[in-house]
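Notes follow once the structure below has been shown.
The values are calculated or read from the model by the stated rules, or taken from the named source; none is laboratory data. Because the structure is predicted, anything quoted here is derived from the model rather than measured. A quick note on method: Cβ atoms are made from the backbone with ideal geometry, for glycine too, and the neighbour counts reach across all protein chains shown. Accessible surface areas use protein heavy atoms only, side chains included; no ligands, DNA or RNA. Shrake-Rupley method; radii C 1.70, N 1.55, O 1.52, S 1.80 Å.
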Amino acid sequence: MPATSRPTARHPWRLRDPLRKLHLWLGLSVGLAFAVLALSGTVLAFQTDLLRWRHPELFAHALPTPEQRAAILERIHATEWPAPLRAIDTPTADMPMWQLSLGGEKRVYLDPTDGHQLLVRSKNDDFVLWLRDLHTHLLSGHNGETALGVLGLAELGLILIGLTLWWPRRGHWRHAVRMYAQPPTRRWRSWHQGIGALLFPFLLLSTLTGVTLIYKDTTRGALAALFGDKSSKPPKAPAVTPSDAPLQWSAALAAAQAALPQAELRRITLPNDKNAALTIRARGPQEWNAVGRSVVVVDPYSAQVLSVYDAQTQGGGAKLVDKIYPVHSGQVGGVPWQLVIGVVGVLPAFFLVTGFLFWRTRTRHRKHAQQMLGKA
């Protein structure tokens, strides 16, 4: 009987070829930017530790009494600052000093008990603040944040394509994560793919949280709809007409504390020429964000509480959104998670180097093979 020929099976991974080319050119085009941003994130994960190391004198202070706190806030409000005063972070056990944000450009640190100036930092003279502006705005304000969103989506696609290309066949899992020393082509490929596969969950989490922070309003709305939240963010602060009446600092702060008795008042937005309402962010005991996402709005003339937003009593979507930034920045989980974020920040640079070495080694090998065939 004549032998019957079996039909040729279609290769199940035919899609690998265009994906491999896309992964290569994405890596070579956005890989450098991805590496720089991630490395800056590694430094920022330790920014408080770096500040403590560079300026230990900032941390050698006692916390203010309620009377001192009210007196210093009154002095801060009466001072003519060289740039608009955006926010005031109150002294805490971890950061025992007043921190003033001036126009988004400078940070001024004041003594917690008497309010005298201790230090001024700006992105023009402080490398960590410069890195922060690079990491969050590409040194270009709102336009830079828009570019970061596009770059973040490209980075996310790069990671997912890499996982698809690595995914092993049944029974080849151990081989897929094995590291080789020789030959060079196999070495760079195995290191690139093996480390990527082993640390993929952390890399994906870091990149995904970064992208959602850029598109925070879309993320908040989507999660609110998913969890069926009635509200997804603090309500707009009620307006208070400015007047010449004195501000009741002690009473206003006491009223805010009474509205959220177990929370710690962390950040204060001062009254301005259009709205005299005092907006105070607070951190509840169950919140991960270092500044807190709870908000109390107080009339500073009468010390009347106008609105209260307790982040701890919100729906699941709002709570999940509030956890994104602490996870991304390493603010939660203590030193272990801080170290994880630090290591993850080095990975894109590692992938850029090993991917380039693999591509270059393979290209040279192919050219050499073609030359040998031509001579033959």
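Which distance in Å, rounded to a whole number, links the C-alpha centroids of region 337-356 and region 85-161? Using only Cα atoms to place each centre, the spacing works out to 22 Å.
Helix 316-329 and the longest principal axis of the Cα set of the chain meet at an angle near 80°. Helix 184-198 and the long axis of the chain differ in direction by around 40°, with both axes built from C-alpha atoms. Summing charges over neighbours of Asn289, with a neighbour being any other residue whose Cβ is under 10 Å away from its Cβ, gives +3 when K and R count +1 and D and E count -1. Pairs over the 26 Å Cα-Cα cut-off, from the set Lys216/Lys236; Lys236/Lys323; Lys123/Lys236; Lys21/Lys323: Lys123/Lys236; Lys21/Lys323. Packing-based ranking of 278-286, 175-183, 128-136 yields 278-286, 128-136, 175-183, ordered from highest to lowest mean Cβ neighbour count within 10 Å. Placing +1 on each Lys and Arg Cβ and -1 on each Asp and Glu Cβ, with no other charges, gives region 241-376 a dipole about its Cα centre of roughly 1560 debye. Phi angles across region 257-262 convert, under the Karplus curve 6.51 cos²θ - 1.76 cosθ + 1.60 with θ = phi - 60°, into 3J(HN,Hα) values of 5, 5, 5, 10, x, 9 Hz, Gly and Pro given as x. For Lys230, the lysines whose Cα comes closer than 16 Å to its Cα, not counting residues fewer than 8 places off in the same chain, are Lys319. Loop-located GluC sites (Glu not before Pro) in region 68-160 (DSSP state other than H, G, I, E, B) with a sparse environment of at most 14 neighbouring Cβ atoms within 10 Å: Glu80. Across region 56-66, computed HN-Hα scalar couplings (Karplus, 6.51 cos²θ - 1.76 cosθ + 1.60, θ = phi - 60°) run x, 5, 5, 9, 9, 9, 8, 6, x, 7, x Hz from first to last residue, x flagging Gly and Pro. The long axis of helix 200-214 is offset from the longest Cα principal axis of the chain by roughly 50 degrees. Using the average count of surrounding beta-carbon atoms within 10 Å as a protection proxy, the listed peptides 334-346, 257-269 rank, highest first, as 257-269, 334-346. Taking square-rooted eigenvalues a ≥ b ≥ c of the alpha carbon gyration tensor, is region 33-91 rounded, prolate or oblate, where a/c under 1.5 means rounded and, failing that, a/b exceeding b/c means prolate? Because a/c hits 1.5 or more and a/b fails to exceed b/c, region 33-91 counts as oblate. With all protein chains kept in place, the per residue accessible area of the chain amounts to 58 square angstrom at a probe of 1.4 angstrom.
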